[in-house]
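Nothing in this text is a laboratory measurement; each read-out follows from the coordinates by a stated rule. Computed from a predicted structure; not experimentally measured.
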Amino acid sequence: MLPLPILSAREVIKALEKAGWKFARQKGSHVMLIKIGERRPLVIPNHKEIAKGTLRSIIREAGLTVQEFIELLK
């Protein structure tokens, strides 16, 4: 397993937007992203630091591998 960097919600959202996800709405401290062809939205907690387990879950739900996600960060 590749080590995940510590990222903020803003950095995670920016990377996922490169993968085709788009901002849908925000309710409280959670941001929802949608993508055409996907049935469920991605829910990102709007925190300064996202826990590594939560980040892995978000990456998995987005249909990406950790390696693909790290490439999107560049």
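Under conditions of 20 °C and 1.002 mPa s, the chain yields 175 µm² s⁻¹ as its translational diffusion coefficient, taking Rh as the Kirkwood radius over Cα pairs in the Stokes-Einstein equation.
The lysines within cross-link reach of Lys48, meaning a Cα-to-Cα straight distance under 16 Å and a gap of 8 or more places when in the same chain, are Lys14.
For Lys35, the aspartates and glutamates whose Cα falls under 15 Å of its own Cα, not counting residues fewer than eight places away in the same chain, are Glu17, Glu61.
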